[in-house]
Amino acid sequence: MRPFDLGKLRAAAGGRPVSLFLDFDGTLSPHVPDGDLAAPLPEAREALAALARTPGVRVSVVSGRPVADLSRMVALKGVTYAGNHGLVIEGPGVEFEHPLSMVAGRAVAVAEGLIRERLKGHPGARVRQNGLTLSLNVGLMSASGRRAVARVVDSLTDELRWLRLRWQKGYLGWDLIPEIGWTKGDAVAHLMARTPDAFAIAIGDGLSDEPMFERVRADGLAVRVGRARSSAADWFLSGPADVAGLLHALARPR
Ligand SMILES: [Mg+2]
């Protein structure tokens, strides 16, 4: 992985229209122990607003959070929001819901009951039902509390498999992801197909962003927030403040 280089990005894009795909937590917003308090950095939001108004630039936020949360937290017109790991997409001229999302929603509802039952002795663990996905946050718990919740998480793996759900480790917790053959990468492909001439740039910090990185690599560029030993992204930035800096640079006329 190499440090991000704006000059090389401009050379690779070669003046083509640009489609930007941005993760939310850890990318536009710094990670916070209480996920309800996450917010995009003001500089990032300001740059996104400018980019969303720029002809030839499309901005999409692709996240595990539901579209309603994303559109409330980012609160910008002209931006496309792909929520629940891409199962639902809403934006200018695009409205998509994965045909199996209802099945995923039912499975998540059943799983939520199991998870809450098993977590009864762990009041610090926060379960957030996002309709089609679910997140479990332990950011406000002690180290021993987190370890105990990790054991509960492991103990549910088999039952979740029956529901076609799996855990994915996130920052300070886990996301419950429907296994229906649809990832953030598929959502990005769906959006890329609408602008086949555009140069795609994907930026994210987590495991769920890797399919998005793989998808854009063929005709675009993937940037990981935080250097990692193994990632489909070729470039890295150190944190959300650097992401905001990159967005500002892209928003400036050349
Ligand atoms: Mg993230």
Checklist line | Per-selection Rg to Rh, region 1-68 - Cα, Kirkwood hydrodynamic radius | finding: 1.01
Notebook entry, point to check: Dividing the convex hull volume of the alpha carbon atoms of region 54-150 by its residue count, what do you get in Å³ per residue?
Noted result: 112 Å³
Notebook entry, point to check: Per q in 0.16 1/Å, what log10 I(q)/I(0) does a Debye calculation on the alpha-carbon atoms of the chain return?
Noted result: -1.16
Note to self: Nearest 10 degrees is fine. How inclined is helix 240-251 to the longest principal axis of the chain, computing both from alpha carbons?
What the structure shows: 30 degrees
Next item on the list: Could you quote the convex hull projected area for region 101-178, Cα atoms only and averaged over all directions, in nm²?
Entry: 4.4 nm²
Notebook entry, point to check: If one takes the longest principal axis of the Cα atoms in the chain, at what angle in degrees, from 0 to 90 and to the nearest 10, does the Cα axis of helix 101-118 lie?
Noted result: 50 degrees
Check: Using alpha-carbon positions, what is the distance between the centroids of region 111-189 and region 218-245, in Å?
Finding: 26 Å
Notebook entry, point to check: With no solvent and one point per C-alpha, what does the Debye sum give as log10 I(q)/I(0) for region 123-223 at q = 0.16, 0.17, 0.24 Å⁻¹?
Noted result: -0.78, -0.84, -1.21
Next item on the list: Run down the aspartates and glutamates and flag those whose C-alpha is under 13 Å from the C-alpha of Lys120, throwing out any fewer than 8 positions away in its chain.
Entry: Glu112
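Quick note: the coordinates plus some simple rules give every number you see, no bench work behind them. None of these values were measured; they are calculated from a predicted model.
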